[in-house]
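Following: one structure in structure tokens, then a few remarks.
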Amino acid sequence: MPEKRIVLSVDVERDISKYIDESYIGVKEGIPQLLEILADLKIRSNFFLTGNVCRKHPAIMKEILGQGHNIGCHGSEHKVQYYSSKTREWQEENISKAKKQISTVLGKAPKAFRAPNFSVNSDTIRVLESQDIRLDSSILPGRVVKKWRLMKLLDFREAPREPYRPSREDPTKPGDSNVVEIPVTENPLHPGIPIGSGTLNYFGKEEFLDAIREVRQSYVVLLFHPWELVDLGRHFPDLPDWVSKACKSNFRTLGICLEELLSNYQYCVLEDIQEEFLATDK
Ligand SMILES: [Zn+2]
């Protein structure tokens, strides 16, 4: 089996928007400590920023860029649960606004995108093309989300696991759009969820490393959230148990895990994978 590479990706957004109204503890306290570990280990990562976080915490965003990490767009706000439930016009407006918010603060427009809650649809792919964003990492193969019992909000069970050009009609199928989709890696030990800071806190170090070892692809895209890097339950005692368990300030263990990965694998950024894909894609 060819050697796998590791991509560490972070969705920089307000604290778990499904349960908490407007709070940025993860961004303020979690991101600076994560940046320190990444600098120590010389790991370059992908940070997907929401536009409103850029407006509210410009200094931390500049620090991310200043340390040489790659910047992507994670929409304007994180209030919306599913992009796929919105019209194409709404998505166009939201992504265009986010691009402006990010470039106003960083002087640089993002060229990569990740939708909140992996919620891309065919309209999103068309909007990305029109917004000159050619790299998307919003698909989590294996993920299926249903509303009530039957209506599917998204269904990525059949989506490819290696990079592909998504179809303009259905982003889970290969097609001929100008976008390269680099899927987030499904956790082989827990189908339908990613591997990242939340699973490290929730399942522990051994299972986190085992999950990465079990991945049968050429790369592993890890998914981190700032709010998973702080003791969120201490600030918000009414959170569901699983959220408190997944959100812990546990930087020592995190540092040990990232260092252990460094001794077994190479790290890269999504743009490296995009470039290699384009070099072989006819
Ligand atoms: Zn998000």
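Values computed for the structure shown
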| quantity | calculated |
| --- | --- |
| Flag if Arg168 is modelled with pLDDT under 95, among the charged types (D, E, K, R), surrounded by fewer than 22 Cβ atoms within 10 Å (Cβ to Cβ) and outside any helix (DSSP H, G or I) | no |
| Residue, farthest from the ligand (Cβ to nearest atom), within the range 192-220, restricted to residues that are of a type in the set (A, V, I, L, M) and over 16 Å from Asn117 (Cβ atoms) | Leu209 |
| Test: residue in the range 204-218 that is under 22 Å from Cys73 (Cα atoms) and surrounded by fewer than 21 Cβ atoms within 10 Å (Cβ to Cβ) | no |
| Residues of the range 89-129 that turn out to be closer than 15 Å to Asn178 by Cα and in a helix (DSSP H, G or I), as a count | 8 |
| Residue in the range 16-31 that is surrounded by the most Cβ atoms within 10 Å (Cβ to Cβ), counting only those that are part of a loop (DSSP other than H, G, I, E, B) and among the hydrophobic types (A, V, I, L, M, F, W, C) | Ile16 |
| Of residues in the range 1-15 being among the charged types (D, E, K, R) and part of a strand (DSSP E or B), the one farthest from the ligand (Cβ to nearest atom) | Arg5 |
| Of all residues making up the range 46-68, the number that are surrounded by fewer than 22 Cβ atoms within 10 Å (Cβ to Cβ) and outside any helix (DSSP H, G or I) | 3 |
| Qualifying residues in the range 69-87 (those that are at pLDDT below 95 and outside any loop (DSSP other than H, G, I, E, B)) - the one nearest to the ligand (Cβ to nearest atom) | Tyr83 |
| Test for Glu271: is it farther than 27 Å from Glu3 by Cα and in contact with a strand residue (DSSP E or B) (Cβ under 8 Å, 6 or more places away or on another chain) | no |
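This table checks each residue for (1) away from the ligand (no atom under 13 Å from the Cβ); (2) out of contact with any Phe, Trp or Tyr (no Cβ under 8 Å at 6 or more places or on another chain).
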| position | (1), (2) |
| --- | --- |
| Ser17 | no, yes |
| Ile25 | yes, no |
| Leu38 | yes, yes |
| Phe48 | no, no |
| Gly51 | no, yes |
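The values are calculated or read from the model by the stated rules, or taken from the named source; none is laboratory data. Values in this document were obtained by computation on a predicted structure and should not be read as measured data. Ideal geometry is used to build each Cβ from the backbone, glycine not excepted, and the neighbour counts take in all protein chains shown.
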